[in-house]
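I have placed the structure first, in the form of C-alpha cells, so that the comments after it can refer back to it.
The values are calculated or read from the model by the stated rules, or taken from the named source; none is laboratory data. Because the structure is predicted, anything quoted here is derived from the model rather than measured. Here the Cβ is made from the backbone with ideal geometry for all residues, glycine too, and neighbour counts use every protein chain on show. Heavy atoms of the whole protein, side chains included, go into the accessibility calculation; ligands, DNA and RNA do not. Shrake-Rupley method; radii C 1.70, N 1.55, O 1.52, S 1.80 Å.
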Amino acid sequence: MSPAPQLPLALRYPPDQRMDAFVAPPAGAIAQLQALATQAGADWIYLSGPSGVGKTHLALAACAASEAAGRSAAFVPLRSAAGRLRDALDSFDDRALVALDGLDAIAGNRDDEVALFDFHNRARSAGSGVLYTATAGPDALPLVLPDLRSRLQQCARIVLSPLDDDARRDVLRERAQRRGLALDDAAIEWLLRRRGRDLATLTGLLDELDRASLAAQRRITVPFLRDVLRDEPGDR
C-alpha cells in the first residue's frame, strides 16, 4: 500500500466526520481524542463499540483534527490492508497520528498481528500517537498473539454505545443542515420507520436525497421520499 496521497483536508476527511458533528459522545471522549490528535505524548486510545455507532467517524475526525493542528496523520482501514498489513504500515512510520480502523479484520491472522505488534512498538518509540478501533475490547478479540493483546490493553479505553432514536434524529438533522438540506420532522420519522435505524445507511441516503432534491427542485418531504425511494427494499 502506497502512502496516502496529499489531498486537501476536506477531500481526505469528509466534513460530516468531525469532532463537533458527533452526537452524544461518552463523557470526556472528545477531549481525549482531541488531545491524542493535537498533543505529543497523549494517551493512545482504543475505541470500541458495535457496528454503526461512529467509530470510523471519530477515527477520521481525529485525523482531520491532527492535520488542522499542523501534524501529519494517516487513516488506515484494516479491512483493506488485511493479509498485507506489514507493507501498509511501513508507509506510516513518520506520521504523528495513525488511526487503525477495524482491528476485527486482522484478528486471527498471525502475520498481520505480528506486523501490528512491530508497528505498535515502533510508533511508541518514535513518539507517534495511535488510535485503534474495534467492535470489542482487546480481551474479546480472537487474537493469536498474546503480546499484541497486552499492548492493546495498555491503551486508554473509550466505549461507544448505540444511539437511541432521539439521538439518531439529532444526527440526521445535523448532517442535513451541513448539506444545506431542509429535512423536517415528518421526513425524519419516515426515514427511521422505513429505512431502519442504522446510521451509516441513513446518513448515506442524504447524499442521494440531496442530488434528487436539486434535480427535481423539490423540498424533502414525505411525498418526495416516497417518490425517490419507492423502488428500494423496505418501502414495499
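Among 129-135, 49-55, 95-101, the peptide with the highest mean count of other Cβ atoms within 10 Å heads the list, and the full ranking is 95-101, 129-135, 49-55.
Averaging Cα coordinates gives a centre for the stretch 122-182 and one for the stretch 17-89; these two points are 7 Å apart. The local environment of Gln34, defined by Cβ-Cβ distances under 14 Å, has a net charge of -1 under the rule Lys, Arg +1 and Asp, Glu -1. Computed about its Cα centre, the charge dipole of the stretch 12-124 is approximately 120 debye, with only Lys, Arg, Asp and Glu carrying charge at their Cβ. Read through the labelled values (i) 1.02; (ii) 0.97; (iii) 0.94 and report the label of the one computed as Rg/Rh (Cα atoms, Kirkwood Rh) from the structure. Looking at Rg/Rh (Cα atoms, Kirkwood Rh) for this model, the match is (i). Taking the Cα centre of the chain as reference, the dipole from Cβ charges on Lys and Arg (+1) and Asp and Glu (-1) amounts to some 280 debye. As a fraction of the 1.4 Å probe accessible area of the chain, surface on carbon and sulfur atoms comes out at 49 percent. Over the chain, accessible surface divided per residue gives 47 Å², non-protein components excluded, 1.4 Å probe. Along the charge dipole of the chain, Cβ charges K/R +1 and D/E -1, which of Leu148, Trp190, Val159 sits furthest on the positive end? It is Trp190, whose Cα lies furthest towards the positive end.
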